[in-house]
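Below is the structure I would like to discuss, written out as structure tokens.
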Amino acid sequence: MGICDDPEILKAYDEVCDDKNEVNWILLTFADNKSNALKVGHKGNGGINELKQHLKEDEAAFGYVRVPMSNDELSQRTKFVLISWIGQQLSYMRRARLSVQKSDVTKVLRYFSIEVPASEPAELDADDILVQLKKAGGANYDRQASNY
């Protein structure tokens with residue numbers, strides 16, 4: 001059995017990818033402390049700030065967030081962010097397995113512009129992530145108005 005075999009994961013991923021769906025983030029969590037199987041732990045429509053409320057210090061999780069962005073009023077785009085959460089109180093055995101497990105996760109959560117590894121909620125500041133997305137986006141025609 002694979003780490004992302006739960007069919008609800010792909011269904012939730014498709015919801016986030018659909019611009020017409022109000023769900024704009026999902027958080028994949030492990031079924032329990034000993035399991036290597038992920039499940040959809042939470043999902044919502046409040047973006048990164050809402051997702052952060054569900055992160056726990058003693059858990060690992062993978063978040064996927066749809067972020068609308070633009071460099072100007074004419075270039076509206078949607079970008080996706082993969083969040084690799086490693087709580088500071090996570091066991092060493094779980095930490096050791098995560099790099100291999102992340103590879104399996106990215107086979108399902110395929111399309112993302114940036115990955116943000118985090119172990120503290122402060123590392124998931126929505127404004128900072130938006131700046132990272134703009135930097136990763138290439139051409140910035142609104143350079144004089146941006147602060148990076």
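With a 1.4 Å probe and all protein chains left in place, how much of the accessible area of the chain comes from carbon and sulfur atoms, in whole percent?
48
Residue separation times 0.36 nm, minus the C-alpha to C-alpha distance between residue 126 and residue 95: what's the value?
On the way: separation 31, 0.36 × 31 = 11.16 nm, distance 2.51 nm.
Contour length minus the Cα-Cα distance gives 8.6 nm.
Could you give the alpha-carbon Rg of the chain over 2.2 N^0.38 Å, rounded to two decimals?
Cα Rg divided by the expected 2.2 N^0.38 Å: 1.06.
Under a 5 Å amide H to amide H cut-off, with H placed in plane at 1.01 Å, what residues pair with residue 44 once short-range neighbours are removed?
The answer is 24, 25.
Looking at this model, which pairs from 34/102; 56/107; 20/135; 20/43 are more than 19 angstrom apart at the alpha-carbon?
56/107; 20/135
Grab the beta carbon distance between residue 76 and residue 10, set R0 = 30 Å, and tell me the FRET efficiency rounded to 0.05.
0.65
Could I ask something else about it? Compute the FRET efficiency between residue 22 and residue 49 as 1/(1 + (r/R0)^6), taking r as their Cβ-Cβ distance and R0 = 22 Å, and round to the nearest 0.05. Please list the in-between numbers first.
Working: r = 16 Å, r/R0 = 0.71.
Efficiency at R0 = 22 Å is approximately 0.90.
Could you give the length gained by full extension between residue 39 and residue 57, i.e. 0.36 nm per residue of separation minus their alpha carbon distance, to one decimal place?
4.7 nm
What distance in nm separates the two pseudo spin-label positions at residue 104 and residue 88, each 7 Å out from Cα along the beta-carbon direction?
About 2.9 nm, to one decimal.
While we're on this one: Using a Gaussian network for the chain with springs between C-alpha atoms less than 10 Å apart, which of these wobbles most: 81, 108, 67?
108
Would you calculate a helix-derived [θ] at 222 nm for the chain, using -39,500 (n - 2.57) for each DSSP H run of n ≥ 4 and dividing by the full residue count, to the nearest 500?
After summing the helix terms and dividing by the residues of the chain, the value is -9500 deg cm²/dmol.
The values are calculated or read from the model by the stated rules, or taken from the named source; none is laboratory data. Keep in mind that this is a model prediction, so the values were computed, not measured. Counting neighbours? That spans all protein chains shown, and the Cβs are built from the backbone with ideal geometry, glycine included. Side chains included, ligands, DNA and RNA excluded: accessible areas come from the protein's heavy atoms. Shrake-Rupley method; radii C 1.70, N 1.55, O 1.52, S 1.80 Å.
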